[in-house]
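Have a look at the structure below before the remarks.
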Amino acid sequence: MEDLKIRRYVMSLENNVDMNSRFLSDIHDEFRDKCKMVSPEKSFPPDVVSRVKRQYKEIKDRLAEIRAVQQLLKGKYRRAARRNPLRDKKIDELGFAFKNYYSSFEFNLRAIERLKRKLEEEPRKPEGLYRSQENSLRFMEGLKLLGLGAGGYHSISVIFLKGDRASIEDIYGGGIRLKEGDVFEKYGDDEIRMSIAHGEESESRKIQEVMRRFLLRKAFKSVKCAIYRVEKEGDLGRNVEGLLYQALDSIGNKELKVVR
């Protein structure tokens with residue numbers, strides 16, 4: 001009777017190893033492909049990094065469970081257990097493969113972080129913010145008027161709007177009331193860029209509230225906003241475009257983020 005209980009328990013342990021082994025085999029290709037998506041040379045969905053990390057934690061937990069069960073089968077229950085070298089070899093190969101994929105993923109992630117830091121520190125010509133030469137010149141003229149008191153500007157808000165094509169088209173088609181020195185440009189099918197000049201400090205806070213309310217309009221399916229406030233020309237010594245794109249990647253639909 002005792003032998004029967006042991007055999008049944010050993011069978012449950014074997015089933016546990018088989019179940020976890022099948023799981024690892026099933027997700028192998030998916031995990032490999034997700035790891036390969038993360039590369040400094042190409043764009044990838046912003047949530048793929050967190051998905052890879054979560055999945056690798058589960059993979060490690062499954063492998064740890066397999067190792068613990070294998071120790072029991074090769075130790076305490078070695079007489080009742082059946083040897084399965086092909087399965088054990090496959091598990092070892094999967095564990096090695098997953099570790100390599102994740103190591104490559106981490107290497108690329110560090111490379112991307114280094115590149116981001118370099119871009120943030122790298123001086124960038126502010127006229128690169130706009131495709132239109134006329135808009136670039138208007139923006140540059142506005143920068144020259146910063147901090148000049150009466151007749152000048154207190155600050156300029158550089159605004160990036162990202163969204164689905166229909167929402168961006170609606171915003172662009174509706175236009176926006178501009179003052180002298182303001183810029184409004186459709187930068188791409190999914191993006192609008194603006195710079196709004198402010199004569200007083202309160203106006204920069206006011207435009208942030210206006211944009212927050214604007215994003216909540218039901219007519220817009222998917223749109224979000226990032227703002228970078230410029231108070232002196234030296235504020236553009238960092239990669240403003242890169243910082244604004246990072247901000248947009250970090251927020252959800254209908255949200256606004258102020259970079260500075």
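The values are calculated or read from the model by the stated rules, or taken from the named source; none is laboratory data. All values reported here derive from a predicted model rather than from experimental measurement. Note that each Cβ is placed from the backbone with ideal geometry, even for glycine, and that neighbours are counted across all protein chains shown.
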>> Can you tell me how many residues within segment 33-52 are surrounded by 11 or more Cβ atoms within 10 Å (Cβ to Cβ) and at pLDDT below 80?
In response: 1
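Select from segment 235-260 the residues that are farther than 19 Å from Arg212 by Cα and either in a strand (DSSP E or B) or free of Cβ contacts under 8 Å to residues at least 40 places away in the same chain (or both) and list them in ascending order. Please lay out each step first, then the result.
In the first step, residues of segment 235-260 are kept if they are farther than 19 Å from Arg212 by Cα; the result is 235-243.
The one that is farther than 19 Å from Arg212 by Cα and either in a strand (DSSP E or B) or free of Cβ contacts under 8 Å to residues at least 40 places away in the same chain (or both): Asp235.
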> Which residue pairs have Cβ atoms closer than 7 Å, lie 6 or more positions apart in sequence or on different chains, and pair a first residue in segment 127-147 that is in contact (Cβ under 8 Å) with a residue 24 or more places away in the chain with a second residue that is of a type in the set (S, T, N, Q) and part of a helix (DSSP H, G or I)?
Replying inline: Tyr130/Ser136
> Does segment 19-32 contain any residue that is of a type in the set (Val, Ile, Thr), in a helix (DSSP H, G or I), surrounded by 15 or more Cβ atoms within 10 Å (Cβ to Cβ) and under 23 Å from the mean Cα position of the chain (by Cα)?
Replying inline: yes
>> Given the criteria free of Cβ contacts under 8 Å to residues at least 60 places away in the same chain and under 25 Å from the mean Cα position of the chain (by Cα), does Ala226 qualify?
In response: no
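For Ile176, are the conditions met, namely being β-branched (Val, Ile, Thr), within 17 Å of Phe139 (Cβ to Cβ) and modelled with pLDDT of 90 or more? Please lay out each step first, then the result.
Numbers: β-branched (Val, Ile, Thr): yes; within 17 Å of Phe139 (Cβ to Cβ): yes; modelled with pLDDT of 90 or more: no.
Judged against the criteria, Ile176 is not a match.
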>> It is to be established whether one or more residues within segment 231-244 are modelled with pLDDT of 90 or more, out of contact with any Gly (no Cβ under 8 Å at 6 or more places or on another chain) and not polar (S, T, N, Q).
In response: yes
> Filter segment 111-156 for residues that are at pLDDT below 85, surrounded by 11 or more Cβ atoms within 10 Å (Cβ to Cβ) and among the acidic types (Asp, Glu); which is farthest from the chain's Cα centre (by Cα)?
Replying inline: Glu127
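Which count do you get for residues in segment 157-211 that are of a type in the set (Lys, Arg) and exposed (fewer than 15 other Cβ atoms within 10 Å of the Cβ)?
5
Has segment 84-107 got at least one residue that is at pLDDT below 80 and either not in a helix (DSSP H, G or I) or not charged (D, E, K, R) (or both)? Write out each step before concluding.
To start, the set of residues in segment 84-107 that are at pLDDT below 80 comprises none.
No.
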> Of these, Arg62, Arg7, which one is assigned by TED's automatic domain parsing to the domain that holds Phe107, in contact (Cβ under 8 Å) with a residue 12 or more places away in the chain and surrounded by 17 or more Cβ atoms within 10 Å (Cβ to Cβ)?
Replying inline: Arg62
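Would you mind finding the one in Arg138, Arg205, Arg212, Arg131 that is outside any helix (DSSP H, G or I) and out of contact with any Ser or Thr (no Cβ under 7 Å at 6 or more places or on another chain)? Walk me through how you get there before you give the answer.
Details: Arg138 fails: outside any helix (DSSP H, G or I); Arg205 fails: outside any helix (DSSP H, G or I); Arg212 fails: outside any helix (DSSP H, G or I).
Answer to the selection: Arg131.
So which of Phe160, Phe184 ends up being modelled with pLDDT of 90 or more, closer than 17 Å to Gly128 by Cα and over 21 Å from the mean Cα position of the chain (by Cα)?
Values: Phe160 fails: over 21 Å from the mean Cα position of the chain (by Cα).
The unique qualifying residue is Phe184.
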> Tyr245 fails exactly one of the following numbered conditions: (1) surrounded by fewer than 19 Cβ atoms within 10 Å (Cβ to Cβ); (2) over 29 Å from Asp47 (Cα atoms). What is the number of that condition?
Replying inline: (2)
> Among all residue pairs at least 6 apart or on different chains, which show Cβ distances below 6 Å where the first residue, located in segment 148-174, is within 14 Å of Asp189 (Cβ to Cβ) and the second is surrounded by fewer than 20 Cβ atoms within 10 Å (Cβ to Cβ) and basic (Lys, Arg)?
Replying inline: Asp164/Lys221; Ser167/Lys221; Tyr172/Lys186
